[in-house]
Amino acid sequence: MRHPYASVSPHMTPAASETPYPHLFAPLDLGFATLRNRVLMGSMHTGLEDRARDFPKLAAYFSERAAGGAGLIVTGGFAPNVVGWLTPFGGKLSWPWEVAPHRQVTRAVHEHGARICMQLLHAGRYGYHPLQVAPSRLKAPINPFTPRALSARGVERQISAFASAAARAREAGYDGVEVMGSEGYLINQFTAPRTNKREDAWGGSAEKRMRFAVEIVRRVREACGPDFILIYRLSLLDLVEDGNAWDEIVAQARAVEAAGATIINSGIGWHEARVPTIATSVPRGAFAGITARLKPHVSVPLVAVNRINMPEVAEGILAAGQADMVSLARPLLADPEWVNKARGGRARAINTCIACNQACLDHVFENKVASCLVNPRAVAETELNYLPATVKKRIAVVGAGPAGLACSTVAAQRGHAVTLFDAAGEIGGQFNLAKRIPGKEEFHETLRYYGHLLEETGVEIRLGTRVGPAELAGFDEIVLATGIAPRRVDFPGADHPMVVSYLDVLSGRASVAGRVAIIGAGGIGFDVGEFLVQEGESPSLDPVRWRAEWGVDLDGDGRGGLARPQPEPAAREVWLLQRSPGRPGARLGKTTGWIHRATLKAKGVKMLGGVEYLGGDDDGLRIRIDGAEQLLPVGSVVVCAGQEPQRELQAALQAAGATAPVHLIGGADVAAELDAKRAIAQGSRLAAGF
Ligand code: FAD
Ligand code: NAP
Ligand code: SF4
């Protein structure tokens, strides 16, 4: 049986004049403007917002998304003033000379019939600089800086800054602004009792706490006139203690509507929340229910957000009347053509966002320009292009893992004759193991996408073929994308039958017995841990179970939308071990590592650092930590100790006297710290140069 994420149902091939997603492609009349469809490209920081010299790149990036069919685009956040900066010298719009560079962006988007709003984001206590301000002098748990509490005049100055930034946005050609009132930024800090301890006109009662938000909307509307789109991003679920209660959120929605908001966008979770909101393990559409809950209370269009990555999910939300628009942020980073492909019934051709955060959010948190793991061209549109090849070549690619798939499809797209070999009977390499991890079901989509693209670009595929030099004769270029071999461990008893590799466990070749110790606590060790403690269907495929596990309450009246987390029992007892001292998992992804650590902790996995492996036998695994020996009474030891490059073929080709240039990519090139982001980017860039 095919995995639900591995296929797109065949009924989605419409007659040319129709779309299989009628709700998604119904125009939306705002009274003074009509949006061509229901897709709002959600705000995302790319790292190009901060310097005017990067605006031509930003324009090219948005231009592709507008040409790709998005109805309404929202930029990354721009601060209305210096104290509202997210980071020092971050993007802002407070001076007249800051207007002109934006015209390149607005013009580029309008040329393709889309509309664009600038997001106005005042970071408040999330500002990563010492000038930050907030309603009260309370430090955020995720920021070393303590904010200065605003005086009453200071509050007034922030409101004016929003209004004048919005007026400047209009001058720059924007069709509107999105006022960022969620995610725990300044406005949200005013509305929530968690961060607003004021007792003046801007705090105390719920009504006074929301006054700041309402005044901003009123003054922006006043400054920009009636025919200007004003999206208000309202936090529908704070997911923190002492957040807003549901009746307060409804009151805020009504008040911002009355003050002049055109559209209300949903905000889910503060950045300091300890509940995942967009990671790959969050079920698709998991939060649409909270937008639906607000629907009866307002009459402006509402936008559903988070983990809406495929057209059937978007259409389902709209058809059920849960929202009037859907926000797609990362999915349009992954595939700028997403909307056009959906409209034309070509969902199979969509390069799906797998919600890994590895090249987008993780980059932004590391102060690097964003990109996309499955699409290295994202935010590199002016620099990485797959132009038709001037000389057509015969290219052999050995290995159909992410590196080989990217390389062969880009080369074939450019007009080369490509043959792709793999020893396995299916494409995908290690992604076929990754997709079995609970919470990584989205990896099926990447394999579906590449399967389609191989067909579309005419790559000749030879599966079940372990390649030697003989098969590679006659090619102009040879690409070795043969991946890795798991590193073997060396301690007494390492050859005991209970010691197995992650490859064998995840592929089903080896089974584990009773309690289990995992050697190696890198990304794969954690994944194997999640695989071993989960029995039956993953909660990532079931929003109700997933919300119960993480303590998310869409229906209650409690503050912050939180409930008591109810983790499902672990399928078995597991130890996760590493030799390095300190906390296992410290090197996992910036925005997702904490989720993996929390998941295993909730399942009772014992995570130990500073471990010395003394030996394994029928009694279990003997280890030493801080000089103290102990016996872990396990029946299986799964080795996840990293990998070595697999490139024997290179030497064999040399020995056979092959004359064609040989290129190494992905794990075959460097196995250390290999991930699919590097494998796909390296494969794509190599092929762009053939
Ligand atoms: P591989 O995927 O290893 O592919 C190599 C291919 O070459 C294989 O299909 C093999 O059969 C074939 N081959 C080898 N020798 C020959 C030969 N002589 N002839 C023919 N074919 C040959 N990465 C991330 O970025 N994010 C994640 O969340 C993530 N999760 C993971 C979870 C798990 C459980 C695992 C195992 C890996 C995960 N990875 C993740 C890592 C990611 O899968 C790898 O970085 C990526 O697959 C490397 O790609 P590659 O093309 O270099 O090699
Ligand atoms: P890894 O991250 O390098 O981790 C290897 C682990 O094995 C470490 O904990 C290491 O810790 C231990 N180890 C290394 N040599 C050992 C030895 N000789 N004996 C015993 N233990 C040893 O490798 P990985 O977990 O295999 O992951 C491979 C790549 O896949 C990673 O680079 C990662 O980026 C990618 N990946 C990413 C994700 C993700 O979610 N982003 C998920 C899975 C995989 P000690 O040396 O301290 O023991
Ligand atoms: Fe989606 Fe990952 Fe690409 Fe970010 S890097 S857009 S999460 S696929």
Is there a residue being within 16 Å of ligand 3 (Cβ to nearest atom), in a loop (DSSP other than H, G, I, E, B), among the hydroxyl-bearing types (Ser, Thr, Tyr) and over 23 Å from Lys57 (Cβ atoms) anywhere in the stretch 343-352?
yes
Residues to consider are Ala651, Ala668, Ala658, Ala628; find the one that is of a type in the set (Gly, Ala, Ser) and touching a Lys or Arg at 6+ places or on another chain (Cβ under 7 Å).
Ala668
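For the stretch 418-427, state whether one or more residues are under 22 Å from Leu664 (Cβ atoms) and either within 16 Å of ligand 2 (Cβ to nearest atom) or charged (D, E, K, R) (or both).
Within the stretch 418-427, the subset under 22 Å from Leu664 (Cβ atoms) is 418-424, 427.
Next, only the ones that are either within 16 Å of ligand 2 (Cβ to nearest atom) or charged (D, E, K, R) (or both) stay: 422.
Looking for residues that are under 22 Å from Leu664 (Cβ atoms) and either within 16 Å of ligand 2 (Cβ to nearest atom) or charged (D, E, K, R) (or both), one finds at least one in the stretch 418-427, hence yes.
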If I go through the stretch 672-690 residue by residue, how many of them are more than 16 Å from ligand 3 (Cβ to nearest atom), in a loop (DSSP other than H, G, I, E, B) and modelled with pLDDT of 95 or more?
2
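Restricting to the stretch 520-537, what's the tally of residues that are in a helix (DSSP H, G or I), more than 30 Å from Gln650 (Cβ to Cβ) and near ligand 2 (Cβ under 9 Å from one of its atoms)? Even if it seems obvious, please write down each step before you answer.
Filtering the stretch 520-537 for residues in a helix (DSSP H, G or I) gives 523-533.
With the extra rule that they be more than 30 Å from Gln650 (Cβ to Cβ), the set shrinks to 526, 529-533.
Restricting the remaining residues to those that are near ligand 2 (Cβ under 9 Å from one of its atoms) gives 526.
The qualifying residues number 1.
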Whichever residue in the stretch 643-665 is buried (at least 17 other Cβ atoms within 10 Å of the Cβ) and not in a loop (DSSP other than H, G, I, E, B) and, among such residues, is farthest from ligand 3 (Cβ to nearest atom):
Leu653
Among the residues of the stretch 372-395, is any at pLDDT 95 or above, more than 16 Å from ligand 3 (Cβ to nearest atom) and buried (at least 19 other Cβ atoms within 10 Å of the Cβ)?
yes
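Rundown of residues vs (1) outside any strand (DSSP E or B); (2) crowded, with 17+ Cβ neighbours inside 10 Å, yes/no style:
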| position | (1), (2) |
| --- | --- |
| His496 | yes, no |
| Val500 | no, yes |
| Ala510 | yes, yes |
| Ile518 | no, yes |
Do we have any residue at all in the stretch 140-155 that's in contact (Cβ under 8 Å) with a residue 40 or more places away in the chain, of a type in the set (Phe, Trp, Tyr) and assigned by TED's automatic domain parsing to the domain that holds Gly260?
no
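Scan the stretch 414-421 and give yes if some residue there is within 11 Å of ligand 1 (Cβ to nearest atom) and either of a type outside the set (S, T, N, Q) or in contact (Cβ under 8 Å) with a residue 40 or more places away in the chain (or both), otherwise no.
Yes, that holds for at least one residue.
Check Asp242, Asp247, Asp227 and return the single one that is at pLDDT 95 or above, closer than 29 Å to Gly31 by Cα, of a type outside the set (Phe, Trp, Tyr) and assigned to a loop (DSSP other than H, G, I, E, B).
Numbers: Asp242 fails: closer than 29 Å to Gly31 by Cα; Asp247 fails: assigned to a loop (DSSP other than H, G, I, E, B).
Testing whether each residue is at pLDDT 95 or above, closer than 29 Å to Gly31 by Cα, of a type outside the set (Phe, Trp, Tyr) and assigned to a loop (DSSP other than H, G, I, E, B) leaves just Asp227.
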If I ask for residues that are part of a loop (DSSP other than H, G, I, E, B) and over 20 Å from Arg448 (Cα atoms), which ones from the stretch 359-375 would you list?
Ala359, Cys360, Glu366, Asn367, Lys368, Val369, Ala370, Ser371
Step by step: first the residues of the stretch 85-113, then only those that are in contact with a strand residue (DSSP E or B) (Cβ under 6 Å, 6 or more places away or on another chain) and of a type in the set (A, V, I, L, M), then the one that is nearest to Tyr61 (Cα to Cα). Which residue is that?
Val109
Could you please find all residues in the stretch 508-531 being more than 16 Å from ligand 3 (Cβ to nearest atom), out of contact with any Cys (no Cβ under 6 Å at 6 or more places or on another chain) and either of a type in the set (Gly, Ala, Ser) or in the same structural domain as Phe431 (by TED's automatic domain parsing) (or both)?
Gly508, Ala510, Ser511, Ala513, Gly514, Ala517, Ala521, Gly522, Gly529
Quick check, is Ala166 modelled with pLDDT of 95 or more, surrounded by 16 or more Cβ atoms within 10 Å (Cβ to Cβ), hydrophobic (A, V, I, L, M, F, W, C) and closer than 27 Å to His102 by Cα?
yes
Per the list (1) on the phi > 0 side of the Ramachandran plot; (2) away from ligand 1 (no atom under 11 Å from the Cβ), residue check on Gly483 breaks on (2)
Checklist (1) surrounded by 19 or more Cβ atoms within 10 Å (Cβ to Cβ); (2) assigned to a helix (DSSP H, G or I) applied to Gln322, failing item:
(2)
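For the stretch 485-494, how many residues are closer than 24 Å to Ala668 by Cβ and either surrounded by 12 or more Cβ atoms within 10 Å (Cβ to Cβ) or among the small types (Gly, Ala, Ser) (or both)?
Here is the first cut: in the stretch 485-494, the ones closer than 24 Å to Ala668 by Cβ are 485-490.
With the extra rule that they be either surrounded by 12 or more Cβ atoms within 10 Å (Cβ to Cβ) or among the small types (Gly, Ala, Ser) (or both), the set shrinks to 485-489.
Total satisfying the criteria: 5.
Could you check, for the stretch 450-462, whether at least one of its residues is within 16 Å of ligand 3 (Cβ to nearest atom) and not acidic (Asp, Glu)? If you could, list the steps in order and put the result at the bottom.
Of the residues in the stretch 450-462, the ones within 16 Å of ligand 3 (Cβ to nearest atom) are 450, 453.
Add one more test, that the residue is not acidic (Asp, Glu), and what stays is 450, 453.
Yes, that holds for at least one residue.
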Tell me, which residue of the stretch 661-678 that is within 13 Å of Gly429 (Cα to Cα) and among the aliphatic types (A, V, I, L, M) is farthest from ligand 2 (Cβ to nearest atom)?
Ala668
Considering (1) at pLDDT 95 or above; (2) under 28 Å from Ile229 (Cα atoms); (3) away from ligand 1 (no atom under 16 Å from the Cβ), say which one Ile350 fails and leave the rest.
(2)
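Return yes or no: is Arg579 in contact (Cβ under 8 Å) with a residue 24 or more places away in the chain and within 28 Å of Phe443 (Cα to Cα)? Before the answer, list the steps.
Values: in contact (Cβ under 8 Å) with a residue 24 or more places away in the chain: yes; within 28 Å of Phe443 (Cα to Cα): no.
No.
Results for (1) in contact (Cβ under 8 Å) with a residue 24 or more places away in the chain; (2) not in a helix (DSSP H, G or I), shown as yes or no for each residue.
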site	(1), (2)
Arg377	yes, yes
Thr390	no, yes
Ala406	yes, no
Gly428	yes, yes
Ile437	yes, yes
Gly464	yes, yes
Val467	yes, yes
Gly493	yes, yes
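The values are calculated or read from the model by the stated rules, or taken from the named source; none is laboratory data. Given the structure is predicted, the values throughout are model-derived calculations rather than measurements. In this analysis, Cβ positions are derived from the backbone assuming ideal geometry, glycine residues included, and neighbour counts consider all displayed protein chains.
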